[in-house]
1. Which one of 206, 240, 228, 265 is assigned to a helix (DSSP H, G or I), in contact with a Ser or Thr (Cβ under 9 Å, 6 or more places away or on another chain) and in the same structural domain as residue 319 (by TED's automatic domain parsing)?
2. Out of curiosity, is residue 493 of a type outside the set (Lys, Arg), at pLDDT below 95 and within 17 Å of residue 391 (Cα to Cα)?
3. Tell me the residue from 461, 472, 362, 403 that is β-branched (Val, Ile, Thr) and closer than 30 Å to residue 251 by Cβ, please.
4. If I ask for residues that are outside any helix (DSSP H, G or I), surrounded by 13 or more Cβ atoms within 10 Å (Cβ to Cβ) and among the charged types (D, E, K, R), which ones from the stretch 34-55 would you list?
5. Which members of the stretch 370-391 meet the condition of being in a helix (DSSP H, G or I), of a type in the set (A, V, I, L, M, F, W, C) and in contact with a helix residue (DSSP H, G or I) (Cβ under 8 Å, 6 or more places away or on another chain)?
6. If you go through the stretch 155-194 one residue at a time, how many are touching a helix residue (DSSP H, G or I) at 6+ places or on another chain (Cβ under 7 Å), of a type in the set (A, V, I, L, M, F, W, C) and buried (at least 16 other Cβ atoms within 10 Å of the Cβ)?
7. Can you tell me which condition residue 305 does not meet? The list is (1) among the hydroxyl-bearing types (Ser, Thr, Tyr); (2) buried (at least 20 other Cβ atoms within 10 Å of the Cβ); (3) more than 23 Å from residue 184 (Cβ to Cβ), and all the others hold.
8. Is one or more of the residues making up the stretch 278-300 of a type in the set (A, V, I, L, M), outside the structural domain of residue 144 (by TED's automatic domain parsing), over 22 Å from residue 369 (Cβ atoms) and in contact with a Cys (Cβ under 8 Å, 6 or more places away or on another chain)?
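The values are calculated or read from the model by the stated rules, or taken from the named source; none is laboratory data. These numbers were taken from a predicted model, which means no experiment stands behind them. So basically every Cβ, Gly included, is an ideal-geometry build from the backbone, and we count neighbours across all protein chains shown.
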Amino acid sequence: MIFSFPIYASQSIEKSFAVEPFNTRYLQEVDGIALHPNQALKGVRSKGIRSESDILNFGLGAPPVWVHFAVSNVSESEQLRYIQIENSWLDHIHLYVFKGGKLLQSNKAGDAIPYEENRTNRFFSFPHKFQPGETSVLIRVETPEPQLLPLFVLTENDMLERKINSGYEYGIIYGFLTALLIYNVLLYFSLQSRRYIFYSLYLATFIILNLAYTGHAFKWIWPNWPEFQNQMIPPMMMLFAYLGNLFCRAFLALPTKFPRINTSFNLLNTFMLCSVIWYALSGNYLTMLVTAFICVIPFALLMITAGVVACHAGVKEAKYFLGAAIFAMISAIVTAFTVSGVVEYHPFGFHAVEYGILIEAVLFALALAYQFRISQTEKIEAQRLADRDQLTGLYNRRGFQKVIEPIYSNATRNNRNICVMLMDIDRFKEINDTHGHSFGDLVLLDLSGLLMRELRAGDIVARWGGEEFILVLPETQHDEAVTLAERLIGVISNQVVQQQQLDVQYTVSIGIAEMSDPMDSMSNLIDKADHYLYKAKASGRNRVAYKVEPTRELVSEI
């Protein structure tokens, strides 16, 4: 069997049949005058325009068009084939099949008719048993949307195979995007960050928009609402761009970091919002559709501009955002230009926005994950800095309380030894007054470094305030703590702090307290150590004071 047509032939057709190119002709109606099928058949044969492309594409708002091609059945028996238009958004389609000047079949379809009344799948498919010889096929198409006509003549097996392949393809797309949508919704409820809810809405809008223009939504969700199917795509395109802008503003913090670009986003969003309101009031579908297609370009360019500026400003996660925006722009413009007839039809161009959104979704997910990691790192670092003394890097009082609580609880619960030392730099005010506060900071740094080197891994040291330091020694007997304190006194007294031509030595005084009662609190233990520190200072400094018997205190002579 030989089919002769200038339509796009799949590889399965080419393998099954000998396909010869035949010049399809088309004729557009003028002045709004509808033609009778017989008039159209005669007119298209005599003055129809010969198609120079495999796929007919007349662009947005084109007048109704009549398309004619012939099919030659050289076999001796009738053959069932399906004439399929693989486009889901055409409003009105009339198909006529002629043989020998006689009308054999007439069908009406389109998404202006409830789904169940004219379709068996999301495309427009017309079965016909072709008799031996030549048969003429005449199709009239009327729609304000892009008049794109990917025509196929398929066997039943061909049609089933294409349906299965398409199902796998869209199953992967929708499954991936839905999983990503759910993941980001959960992140929003967990983290309460606006960027996640805006991205979730952005993804959800694309899914609904894609379901609508591919015909899946008309088949699965609103099959009895053809008017809604016909009217919803332009405002959904606007909403998609609007939410994309909101996501970009939140992700890159445009209002605070890049106010000028944020103003451009606000202007575009205001224009799109006004356009949707105007459309709701006027009902001018074609103007709204053209506006929606035009807005794709500034939307994509603004996203890229924001990404470039953020990258230049050193925003680390912006590189992922920029990559996603570039893919989104290229894919959206390619698809928009393909379906609107600006460029010649190609299957890749038709599906570019779907491929692009998958790559964009992956890159945006990486950007969000990277941003989350950065924010968590910054949060951890901020918490760490909040618990640390900025000068010495030791724990401050806040950090000390967090660290010591479980250690002290373990000691009291298990009746383990624990000792506390309070250490104070002798005559530190004189050091500051004589040599300046910057030199005093050097002394503090020198002492903190020495303590970190001399103490054991399990010991805790913190800057208690000013020139005071606190040391907690878990699993340490009182005499062991005294020995350590006396060794520290000796080591510290031999330290020399240098600055330019200045060499200065300093000393410290230490008070030691041991936990004697499991019911004793850490604050009481610190108060006791502070009491002995006062004793050491009052006894001449550069020494250790502690309790040796229930009624006797000792100040060591170093």
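1. The unique qualifying residue is 240.
2. Values: of a type outside the set (Lys, Arg): yes; at pLDDT below 95: yes; within 17 Å of residue 391 (Cα to Cα): no.
For residue 493, the condition - of a type outside the set (Lys, Arg), at pLDDT below 95 and within 17 Å of residue 391 (Cα to Cα) - is not met.
3. Checking each option against the conditions leaves just 362.
4. Hit for the stretch 34-55 is 54, nothing else.
5. Correct list: 372, 386.
6. 6
7. Among (1) among the hydroxyl-bearing types (Ser, Thr, Tyr); (2) buried (at least 20 other Cβ atoms within 10 Å of the Cβ); (3) more than 23 Å from residue 184 (Cβ to Cβ), the lone unmet condition for residue 305 is (2).
8. Taking the stretch 278-300 first, the residues of a type in the set (A, V, I, L, M) are 280-281, 286, 288-290, 292, 294, 296-297, 300.
Still in the list and also outside the structural domain of residue 144 (by TED's automatic domain parsing): 280-281, 286, 288-290, 292, 294, 296-297, 300.
Filter again for over 22 Å from residue 369 (Cβ atoms), leaving 280-281, 286, 288-290, 292, 294, 296-297, 300.
Adding the requirement that they be in contact with a Cys (Cβ under 8 Å, 6 or more places away or on another chain) leaves none.
Looking through the stretch 278-300, none of the residues is of a type in the set (A, V, I, L, M), outside the structural domain of residue 144 (by TED's automatic domain parsing), over 22 Å from residue 369 (Cβ atoms) and in contact with a Cys (Cβ under 8 Å, 6 or more places away or on another chain).
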